[in-house]
Amino acid sequence: MNIREFLSEKVQAAMSAAGVPPDCGAMVAPAKKAGFGDYQANGAMGAAKKMGMNPRELASKIVEQLQLDGIAEKIDIAGPGFINIHLAPTWLGEQTGNAERDPALAIRPAAKAQTIVVDYSSPNLAKEMHVGHLRSTIIGDALVRILERLGHTVIRQNHVGDWGTQFGMLIAELEEKLAEHESAGMALADLEVFYQQAKAHFDADEAFADKAREYVVKLQSGDTEVLKLWEQFKQVSLEHSAEIYQKLNVTLSEADVRGESFYNDDLAPIVKELKEQGRCSEDQGAQVAFLQELADKEGKPSPVIVQKKGGGFLYATTDLAALRYRANTLNADRILYFIDARQSLHMQQVFTLARLAGFVGDSVSLEHHAFGTMMGADGKPFKTRSGGTVKLSALLDEAVERARAVITEKNPELEGAEEVARKVGIGSVKYADLSKTRTNDYVFNWDTMLSFEGNTAPYLQYAYTRVQSLFRKAGVDPESISAPVVIGEEQEKALAIKLLQFGEVLSQVAEDALPHVLCTYLYDVASLYMRFYEACPILKSDVSPELRDSRLRLCHLVARTLATGLDMLGIEVSEQM
Ligand code: ARG
């Protein structure tokens, strides 16, 4: 149990002993300002209003009942009835010591383990992954790691775009190219170029265009030859993605791919059922569901096309089938989507329609966690100098190269500089993204993300390395220290409390799917560590062995918290840098 939950229970018990009705919450949270205790319970005001009492009077009644002997050193009441709890250093020392010794860092699994489906990355296989896929891939992967850490069963779903009319053109092109190349891998070495050639071919050559259209029909009716070409195309494209995932240190594997094609056989039944339920009707030859639930200001319902005029199905139809599969076959309690904010209306539409049609039960939580766009210095969506899309693999290579230059300048003698550059370069790109509020656009900037100062990956990675070098300097294995953790100085107390909040922060991130909250937390840990390090000598000769060991254990918890927290974000640390 984390401090917040622990104190909430205690305050709740005191409230009920003071005669407060059970539906009034304790409202315990870390104190926002110094001097107002370490935690605050703000529930007295609301309860007093409900009970028609003076809030300060009720607060003091609650405090009288509050059993925090040995846990709080002082409890006082401020303003209209805020209860400020000052935690006892002895208790904090014990808790910190326990966390430092615990392989799980005192992070407790969620009270109720859930099955959580996470839809992320999900590129279209027709093209190479570009910067537009970066955000979904790394934000989704951070959430997946955190949810698993909290004991949930996570099912990753890489909903790749592997179906649709453009595949007719692509496989017709592949068939021709295979005559000149040894393998599909060679023919598709550059997917971007391949796509452009296929498109140009399609636009210029009538016979080729006819063949492409014929291949779409053949693909959909399961023609073996055409399916074989399609499989080859898919395989090569997925290998391109797998390479990126590996570079990015993202946990997606081939087993997590469940592309649009997987739902092919479900699409006609989905539309049939919607029709039978009277949820869609014919409109200019197409089947359309009109959602009054999402009507605009004039009361005009929101149209969702589920089948096109010629009988073809759409992106929305596939998403309806995927929702039904995830809710009923995968038995999800929560389904999380990490997709660009530009698809918000689409997601709202499929969520609403899936619920109305009973494809998804009421108890299943459907969540679109939208994100903003990555911008260039010019304030427009990030592009190459000539205005093209930036390939993700090129961007990541550049990150590592730039990191190498920064590191060589700082420490030309560093052993294993290649590996450190890789961790710093990739870490910087990821952290720069993850540390921004997810819903906002942000400007991509090499210099700030690679800086060793400020809220950046290198700053945190370096903070970790500094703690590790302290142990090397001391010649101690932190695991072997047996002295208790003693909290004396104000900087030690602030650091200890922060460290003990790790579990609270992870639960919050798991709920809101906002990784920047974890980034801010880790930055706070590193900053409080620097303050502690300056104020509290560790290896100086006049420090007693007990105090030195106590402080080393605090340092050890700092290092492990930073490494674990960064790992939750998919960022690696180095022992030296
Ligand atoms: N392939 C889509 C794209 O690149 C993203 C798919 C997101 N997931 C989903 N279930 N719609 O835009």
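The values are calculated or read from the model by the stated rules, or taken from the named source; none is laboratory data. Please read these numbers as outputs of a predicted model, since none were measured by experiment. Cβ coordinates were reconstructed from backbone atoms using ideal geometry, including for glycine residues, and neighbour counts include every protein chain displayed.
To keep it simple, each residue is scored yes or no on (1) more than 23 Å from SER281 (Cβ to Cβ); (2) at pLDDT below 95; (3) within 22 Å of the chain's Cα centre (by Cα); (4) surrounded by 15 or more Cβ atoms within 10 Å (Cβ to Cβ).
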site: LYS309; (1), (2), (3), (4): no, yes, no, no
site: THR317; (1), (2), (3), (4): no, no, no, yes
site: ASN331; (1), (2), (3), (4): yes, no, yes, no
site: LEU345; (1), (2), (3), (4): no, no, yes, no
site: ALA354; (1), (2), (3), (4): no, no, no, yes
site: GLY361; (1), (2), (3), (4): yes, no, no, no
site: MET374; (1), (2), (3), (4): yes, yes, yes, yes
site: ALA377; (1), (2), (3), (4): yes, yes, no, no
site: PHE382; (1), (2), (3), (4): yes, yes, yes, yes
Looking only at residues in the stretch 155-165 that are at pLDDT 95 or above and surrounded by 20 or more Cβ atoms within 10 Å (Cβ to Cβ), which one is nearest to the ligand (Cβ to nearest atom)? HIS159
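Could you list, in sequence order, the residues of the stretch 108-122 that are more than 12 Å from the ligand (Cβ to nearest atom) and in contact with a His (Cβ under 8 Å, 6 or more places away or on another chain)?
ALA110, ALA113, GLN114, THR115, ILE116 - these are the residues of the stretch 108-122 that are more than 12 Å from the ligand (Cβ to nearest atom) and in contact with a His (Cβ under 8 Å, 6 or more places away or on another chain).
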Just checking, does the stretch 1-17 include any residue being surrounded by 15 or more Cβ atoms within 10 Å (Cβ to Cβ) and touching an Asp or Glu at 6+ places or on another chain (Cβ under 6 Å)? yes
Quick check on my filter: what residues within the stretch 381-420 are over 30 Å from ASP319 (Cα atoms) and outside any helix (DSSP H, G or I)? THR384, ARG385, SER386, GLY387, ASN411, PRO412, GLU413, LEU414, GLU415, GLY416
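Being of a type in the set (Val, Ile, Thr), in a helix (DSSP H, G or I) and at pLDDT 95 or above: is that true of VAL424 here?
So VAL424 fits the description; yes.
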Going through the stretch 539-577 one residue at a time, which ones are more than 30 Å from the chain's Cα centre (by Cα), of a type in the set (Ser, Thr, Tyr) and part of a helix (DSSP H, G or I)? SER550
When every residue in the stretch 335-372 that is of a type in the set (S, T, N, Q) and away from the ligand (no atom under 13 Å from the Cβ) is compared, the one nearest to LYS275 (Cα to Cα) is THR352
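Residues of the stretch 475-490 being under 18 Å from LEU562 (Cβ atoms) and surrounded by fewer than 19 Cβ atoms within 10 Å (Cβ to Cβ), which ones?
GLU479
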Name the residue, out of LEU150, LEU105, LEU170, LEU125, that is among the hydrophobic types (A, V, I, L, M, F, W, C), away from the ligand (no atom under 16 Å from the Cβ) and over 14 Å from the mean Cα position of the chain (by Cα). LEU105
Return the pairs, sorted by first residue and then second, in which the second residue is of a type in the set (A, V, I, L, M) and more than 13 Å from the ligand (Cβ to nearest atom), the first residue lies in the stretch 127-149 and is farther than 19 Å from HIS516 by Cβ and free of Cβ contacts under 8 Å to residues at least 12 places away in the same chain, the beta carbons are less than 8 Å apart, and the residues are 6+ apart or on different chains. GLU148/VAL154
Within the stretch 115-126, work out how many residues are within 21 Å of LEU518 (Cβ to Cβ) and either among the hydrophobic types (A, V, I, L, M, F, W, C) or surrounded by fewer than 18 Cβ atoms within 10 Å (Cβ to Cβ) (or both). 2
Every residue from the stretch 236-278 that is among the basic types (Lys, Arg) and either within 13 Å of THR137 (Cβ to Cβ) or buried (at least 18 other Cβ atoms within 10 Å of the Cβ) (or both): LYS247, ARG258
Can you say whether VAL505 is more than 24 Å from GLU94 (Cα to Cα), aliphatic (A, V, I, L, M) and part of a helix (DSSP H, G or I), as far as the supplied structure shows? no
Every residue from the stretch 1-32 that is over 20 Å from ALA88 (Cβ atoms) and either in a loop (DSSP other than H, G, I, E, B) or at pLDDT below 95 (or both): ALA18, GLY19, VAL20, PRO21, PRO22, ASP23, CYS24, GLY25, MET27, LYS32
Can you find even one residue in the stretch 81-102 that is among the basic types (Lys, Arg) and either in contact (Cβ under 8 Å) with a residue 12 or more places away in the chain or in contact with a Cys (Cβ under 9 Å, 6 or more places away or on another chain) (or both)? no
ILE138 fails exactly one of the following numbered conditions: (1) within 16 Å of the ligand (Cβ to nearest atom); (2) surrounded by fewer than 16 Cβ atoms within 10 Å (Cβ to Cβ); (3) over 28 Å from THR317 (Cβ atoms). What is the number of that condition? (2)
Residues of the stretch 495-510 being surrounded by 18 or more Cβ atoms within 10 Å (Cβ to Cβ) and either on the phi > 0 side of the Ramachandran plot or out of contact with any strand residue (DSSP E or B) (no Cβ under 8 Å at 6 or more places or on another chain) (or both), in sequence order, are LEU495, ALA496, LYS498, LEU499, LEU500, PHE502, GLY503, VAL505, LEU506, SER507, VAL509, ALA510
For the stretch 197-207, does any single residue satisfy the condition of being among the acidic types (Asp, Glu), at pLDDT 95 or above, part of a helix (DSSP H, G or I) and more than 24 Å from ALA513 (Cα to Cα)? yes
What number goes with the only condition from (1) out of contact with any Gly (no Cβ under 9 Å at 6 or more places or on another chain); (2) among the hydroxyl-bearing types (Ser, Thr, Tyr); (3) assigned to a loop (DSSP other than H, G, I, E, B) that THR352 does not pass? (3)
